[in-house]
Amino acid sequence: MSYDRAITVFSPDGHLIQVEYALEAVKKGTTAVGVKGKDVLVLGVEKKSTAKLQDPRTVRKIVQIDDHICMTFAGLTADSRILINKARFECQSYKYYYEDPIGVEYITRYIAKTQQKYTQSVGVRPFGVSTLIVGYDSKGFPKLYQTDPSGNFSSWKASCIGRSEKPVKEFLEKNYVDEMDEEQTVRLTIQSLVEVVESGEKNIDIAIMRKNKPIEFLGRTRIAEIVKEFEEEKKRKEEED
Amino acid sequence: MDSLVGFVGKNYVIMAGDTNAGRSIMRLKDDFDKLVPIDSHKILAKSGEIGDGNQFCNLIIRNVSLYRIRNETELTTKSVAHYTRRQLATAIRKNPYSVNLLLGGYDKKDQKGSLYYLDYLGSSKKINYGAQGYAALFVGSILDRFWKEDLDFEDGLELMKKCLREVEKRLIIGTRCFLIKMINSDGISVVEKVMINSEKKNEIEEEN
């Protein structure tokens, strides 16, 4: 009975206020960064600081959608679970019908389509989630896609979603160069996060997606090493000045 | 017309299937792989209707993959057997799949191989050795006599070839080519594609 009214309707000046509010919810979420290198994709996330008694291993923001596709998100974690589940199912469904592994753009379009559906359906609210999807296309090129609550999606060289979106994006725009190798891509990702994440490298997760290889999570010690190198470089620069 | 044989050895499972795909009296394909990998350490050997086998195996493979992606862990052989059986059991009362299966798998946790016999009616049984199709008529007694627990791989391969030789010898419909696969801790590997020709023995008699 109460399903007869849509929640997301146009405002007098042509905005979908609920969608814009959903974007606000995304801006409250912890930061997620994706960077595309020459033949590598790196995802970095700011981990929400866990309570003392909480098991930090159960809070995972970078998830596998299929063997060759990964994604991360910013915003409402519970909403993201729904999208992730649907995406995982769609990947297997695609393979069931076509025997080929799903394309990165295909699954991005699917996730974006789902997000859009919830902005034009009765009785539902939009997903309060933006996603970053990484994988390799059929020609073997690395691809990074971003979706948002409105259902828009686009391909990026490097992108950031979540609470520190602005400063991190500015940093990426300044420092991104085309055709970076794996080391440079990883360093750029870590560097972009270290500035904005509270309490430093302990709250950063980095995942590397190489072609035809399963996703690899960078170890704690390696992240700490790289962060240390940045800090030493910074000190050196300050001393020179 | 299909012949599938499988048994469990020391830390491995060995399975063999004939490579014929036919329709009534015609052989359509003689390099048909009936031992389908479900994941890195499990094989579903299918026999019966080819279309049903393809469709059903696809269904199982996709659902096992979905489980693995969702839960970041692989199912055990036992779980897959139960799941497969459940699918067959619900189907038999609606739209049956005409497939009989042998499910072989290696579980890293137990470090043991296991073999399951599943048929289109929804039966499922964990077995040490067994066969599907016409092979079952001939191979049962051989395995009853010679199968032992914890057979080495060489002995296991010999025993398998013994079984396949018997199938080739006694089955009136020509099933000469068999594909043997093995699952162990390293995963699935193709052992051999054997061509068995027992007629060669009669060369001497023909000359006389």
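The values are calculated or read from the model by the stated rules, or taken from the named source; none is laboratory data. Only a predicted model underlies this, so the values are computations on that prediction, with no experimental measurement involved. Virtual Cβ from ideal backbone geometry, glycine too; neighbours counted across all protein chains shown. Ligands, DNA and RNA are stripped out before the accessible areas are found, and what is left, the full protein with its side chains, is counted by its heavy atoms. Shrake-Rupley method; radii C 1.70, N 1.55, O 1.52, S 1.80 Å.
For A:ARG220, work out the one condition from (1) at pLDDT 90 or above; (2) open to solvent by 90 Å² or more (accessible area, probe 1.4 Å) it doesn't fulfil.
Tallying (1) at pLDDT 90 or above; (2) open to solvent by 90 Å² or more (accessible area, probe 1.4 Å), A:ARG220 fails exactly one: (1).
Please verify whether A:VAL9 is β-branched (Val, Ile, Thr) and either closer than 30 Å to A:GLU195 by Cβ or surrounded by 17 or more Cβ atoms within 10 Å (Cβ to Cβ) (or both), treating the condition exactly as stated.
On the way: β-branched (Val, Ile, Thr): yes; either closer than 30 Å to A:GLU195 by Cβ or surrounded by 17 or more Cβ atoms within 10 Å (Cβ to Cβ) (or both): no.
Considered against the rule, which asks whether it is β-branched (Val, Ile, Thr) and either closer than 30 Å to A:GLU195 by Cβ or surrounded by 17 or more Cβ atoms within 10 Å (Cβ to Cβ) (or both), A:VAL9 comes out as no.
Evaluate the following for B:ASN128: is it in contact with an Asp or Glu (Cβ under 8 Å, 6 or more places away or on another chain), closer than 13 Å to B:GLY9 by Cβ and touching a residue at least 40 places away in the same chain (Cβ under 8 Å)? Lay out the reasoning, then the answer.
Working: in contact with an Asp or Glu (Cβ under 8 Å, 6 or more places away or on another chain): yes; closer than 13 Å to B:GLY9 by Cβ: yes; touching a residue at least 40 places away in the same chain (Cβ under 8 Å): yes.
When the stated conditions are applied, B:ASN128 passes them.
Has region B:30-38 got any residue that is open to solvent by 30 Å² or more (accessible area, probe 1.4 Å), within 14 Å of chain A (Cβ to nearest Cβ) and free of Cβ contacts under 8 Å to residues at least 60 places away in the same chain?
No; the residues of region B:30-38 include none that is open to solvent by 30 Å² or more (accessible area, probe 1.4 Å), within 14 Å of chain A (Cβ to nearest Cβ) and free of Cβ contacts under 8 Å to residues at least 60 places away in the same chain.
Being over 22 Å from B:SER114 (Cβ atoms) and not in a loop (DSSP other than H, G, I, E, B) is the filter here, so list the residues in region B:27-45 that pass it.
Here is the first cut: in region B:27-45, the ones over 22 Å from B:SER114 (Cβ atoms) are B:27-32.
Once the filter is applied, which keeps residues that are over 22 Å from B:SER114 (Cβ atoms) and not in a loop (DSSP other than H, G, I, E, B), region B:27-45 yields B:ARG27, B:LEU28, B:LYS29.
Picking from A:GLY29, A:GLY37, A:GLY14, which residue would you name as being more than 16 Å from A:LYS143 (Cα to Cα) and touching a strand residue (DSSP E or B) at 6+ places or on another chain (Cβ under 8 Å)?
Working: A:GLY37 fails: more than 16 Å from A:LYS143 (Cα to Cα); A:GLY14 fails: touching a strand residue (DSSP E or B) at 6+ places or on another chain (Cβ under 8 Å).
The conditions single out A:GLY29.
Would you mind finding the one in B:GLY140, B:GLY174, B:GLY133 that is small (Gly, Ala, Ser), open to solvent by less than 80 Å² (accessible area, probe 1.4 Å) and farther than 19 Å from B:ALA21 by Cα? It would help to see each step written out before you state the result.
Working: B:GLY174 fails: farther than 19 Å from B:ALA21 by Cα; B:GLY133 fails: farther than 19 Å from B:ALA21 by Cα.
When all the criteria are applied, what remains is B:GLY140.
Specify which of the listed residues (A:SER164, A:SER155, A:SER159) is modelled with pLDDT under 95, away from chain B (no Cβ under 14 Å) and open to solvent by less than 70 Å² (accessible area, probe 1.4 Å).
Details: A:SER155 fails: modelled with pLDDT under 95; A:SER159 fails: modelled with pLDDT under 95.
The match here is A:SER164.
Restrict the check to region B:56-75 and report whether at least one residue is open to solvent by less than 60 Å² (accessible area, probe 1.4 Å), among the small types (Gly, Ala, Ser) and under 30 Å from A:MET71 (Cβ atoms). Show your work before the answer.
Residues of region B:56-75 open to solvent by less than 60 Å² (accessible area, probe 1.4 Å): B:56-66, B:69, B:75.
Cutting the leftovers down to among the small types (Gly, Ala, Ser) gives us B:65.
Remaining after also requiring under 30 Å from A:MET71 (Cβ atoms): B:65.
Yes, because at least one residue in region B:56-75 is open to solvent by less than 60 Å² (accessible area, probe 1.4 Å), among the small types (Gly, Ala, Ser) and under 30 Å from A:MET71 (Cβ atoms).
What residue, among those in region A:48-84 that are under 19 Å from A:VAL197 (Cα atoms), touching a Ser or Thr at 6+ places or on another chain (Cβ under 8 Å) and among the hydrophobic types (A, V, I, L, M, F, W, C), is most open to solvent (accessible area, probe 1.4 Å)? Don't jump to the end; show me each part of the working.
Pass one, region A:48-84, residues under 19 Å from A:VAL197 (Cα atoms): A:48-52, A:56-57, A:59-62, A:72-77.
Those left that are additionally touching a Ser or Thr at 6+ places or on another chain (Cβ under 8 Å): A:48-49, A:56, A:59, A:61-62, A:72-75.
Going one step further and asking which of them are among the hydrophobic types (A, V, I, L, M, F, W, C), we end up with A:59, A:62, A:73-74.
Values: A:VAL59: 52, A:ILE62: 4, A:PHE73: 6, A:ALA74: 0 Å².
Only one residue fits best here, namely A:VAL59.
Residues that are in contact with a strand residue (DSSP E or B) (Cβ under 7 Å, 6 or more places away or on another chain) and among the aromatic types (Phe, Trp, Tyr): list the strands (runs of 3 or more DSSP E) wholly contained in region B:110-202 that include at least 2 such residues.
Working: elements: B:112-118, B:124-127, B:129-133, B:177-184, B:187-195.
Correct list: B:112-118.
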